[in-house]
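**Student:** Here it is, the structure, as structure tokens.
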Amino acid sequence: MNVTHHNTDRPILGILLMIAGVASFAVMDATIKWLTTSFSVSQIVALRSWFGLPVLFLLVHLEGGVSALKTSRPMAHGLRYILVLALSVSFFWVLSQMKLVDAIAITFAAPIIIAALSVPLLKEAVGFHRWSAILVGFVGVLVILRPGAGVFQWASVVALGSTTVYAFLMITTRALKSTETVASLMFYPQFGMALTGIIFAPLFWVTPSLPEFGLFAIAGVFGSVGIFCLINAFRLAPVATVSPFEYTALIWATLLGFLIWRELPDSPTLFGAGIVVASGLYILYRETRQTGRAQPKLPGMTPDDTGQ
């Protein structure tokens, strides 16, 4: 299915792509956390980018080849490269310092930041119901983190910083949706990362074993697939609609944490997870109602103002 050239909003498809994207990123994050015990962050960033190139080139080909990379916004793509580099380096380091579920849970502040930024930067309307669901979801995250219980540390500050960088990155994705292809949005920052890796990876190089090369390949492929899904999600739906579904990453983080490190969530984590999942399902319910029938509205009101 080609979802890369639609300029009209399709919220349900955007939500499904967001869910698929965060699942892919959870696999990548778990793989990278495993690799941080043996390799430097710079080498992990480089090899993840290099192994993601085949998927990247395939997507460019499916988009129409080199013609899909034409752009009149080189500075915007340069900014996206800087954001992707900062995000990768900071969050990969966080993964080396924290449990997987804790690191991912902290990033759930992103929907709040994205929704707030979408108002002044994208001029998008965020109505009462969406704000309520997002804020309730964030309360669930606080239940999971339990401020003062030892989760907050220096690594968590870096995690919040990387979350803010991610929020700006997704805002640029939404802002460029009408002029740039998915291929260009993916290619320039990711190819720039691969080139950067050539410079810095040799400084801390450790030759991986064959199984470790396989892990790097998994991280690269799932990372590229996740990027593809998230870019399309933010192109097809308002950021305040799809952002709450990043909370589903908690499910994957919990599952992978148990399977790999035998980490089981405690009762507060399970309770908080229930809150964030419920908030995401509420958004899905509202979007289904909105797309299923026309909603009458008063002059000057947005769909969010009418309860959607």
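What follows draws every value from the coordinates through simple rules; no lab data is involved. Quick caveat: nothing in here was measured; it's all calculated off a predicted structure. Glycine also receives a Cβ, built like all others from the backbone with ideal geometry; neighbour counts cover every protein chain displayed.
**Student:** If I build a Gaussian network model for the chain, linking alpha-carbon pairs within less than 10 angstrom, which residue out of ASP102, ASP266, ASP29 has the largest mean-square fluctuation?
**Tutor:** ASP266
**Student:** Here's something else I'd like to know. What are the DSSP H helices in the chain that stretch 15 Å or more along their long axis, judged by alpha-carbon atoms, and whose average Kyte-Doolittle hydropathy comes to at least 0.5? Walk me through the numbers on the way to the answer.
**Tutor:** Values: long enough: 11-35 (36 Å, 1.73); 41-62 (31 Å, 1.63); 74-97 (35 Å, 1.23); 110-122 (16 Å, 2.35); 128-145 (25 Å, 1.91); 154-175 (32 Å, 1.14); 182-200 (27 Å, 1.47); 210-236 (39 Å, 1.61); 249-261 (17 Å, 2.13); 267-292 (37 Å, 0.37).
Those that clear 15 Å and a mean of 0.5 are 11-35, 41-62, 74-97, 110-122, 128-145, 154-175, 182-200, 210-236, 249-261.
**Student:** Compute a Gaussian network model of the chain, connecting alpha carbons closer than 10 Å, and tell me which residue from LEU256, LEU281, LEU100 fluctuates the most.
**Tutor:** Most flexible of the set in this elastic network: LEU281.
**Student:** I need the semi-axes of the equivalent ellipsoid of the range 1-130: take the C-alpha gyration tensor, multiply each eigenvalue by 5, square-root it, list largest first in whole angstrom.
**Tutor:** Working: eigenvalues 142, 105, 49 Å².
Largest first, the range 1-130 gives 27, 23, 16 Å.
**Student:** Please report the net charge: other residues with Cβ closer than 15 Å to the Cβ of ARG80, K and R +1, D and E -1. Please list the in-between numbers first.
**Tutor:** Values: positive: ARG73, ARG174, LYS177, ARG235; negative: GLU180.
Surrounding charge for ARG80 is +3.
**Student:** Which one is right for this structure if percent of Cα pairs over 32 Å apart is calculated from it: (1) 26; (2) 44; (3) 33?
**Tutor:** (1)
**Student:** Follow-up. So what is the diffusion coefficient of the range 208-270 in µm² per second by Stokes-Einstein at 20 °C and 1.002 mPa s, using a Kirkwood Rh over Cα pairs? Please list the in-between numbers first.
**Tutor:** Numbers: Rh = 14.2 Å.
For these conditions, the coefficient is 151 µm²/s.
**Student:** Output needed: percent of Cα pairs per 5 Å distance bin for the range 110-244, bins running from 0 to the one holding the longest distance.
**Tutor:** Pair shares across the bins are 2, 8, 13, 16, 17, 15, 13, 9, 4, 1, 0.
**Student:** Given R₀ = 45 Å, what would the calculated FRET efficiency be for LYS123 paired with LYS99, taking r from the Cβ atoms and rounding to 0.05? Provide the component values of the computation, followed by the final result.
**Tutor:** Numbers: r = 39 Å, r/R0 = 0.86.
Working from the Cβ atoms, E equals 0.70.
**Student:** In what order do MET98, MET186 fall by count of nearby beta-carbon atoms within 10 Å, going from fewest to most? Show your work: numbers first, answer last.
**Tutor:** Working: MET98 20, MET186 27.
Sorted ascending by nearby Cβ count, the order is MET98, MET186.
**Student:** Taking the Cβ of each residue in LYS177, LYS99 as the centre, tally the other Cβ atoms inside 10 Å and list the residues starting with the fewest. Present the calculation step by step, with values, prior to reporting the outcome.
**Tutor:** Values: LYS177 19, LYS99 16.
Ascending number of Cβ neighbours within 10 Å: LYS99, LYS177.
**Student:** Would you mind telling me which residue in ALA110, ALA76, ALA237 has the biggest mean-square fluctuation in a Gaussian network model of the chain, where springs connect alpha carbons within a distance under 10 angstrom?
**Tutor:** Top of the fluctuation ranking is ALA76.
**Student:** Rank these for me by crowding, ARG10, ARG174, ARG262, ARG286, going from fewest to most other beta carbons within 10 Å. Intermediate results must be reported in sequence, preceding the final value.
**Tutor:** Numbers: ARG10 16, ARG174 23, ARG262 7, ARG286 20.
Fewest to most other Cβ atoms nearby, the residues stand as ARG262, ARG10, ARG286, ARG174.
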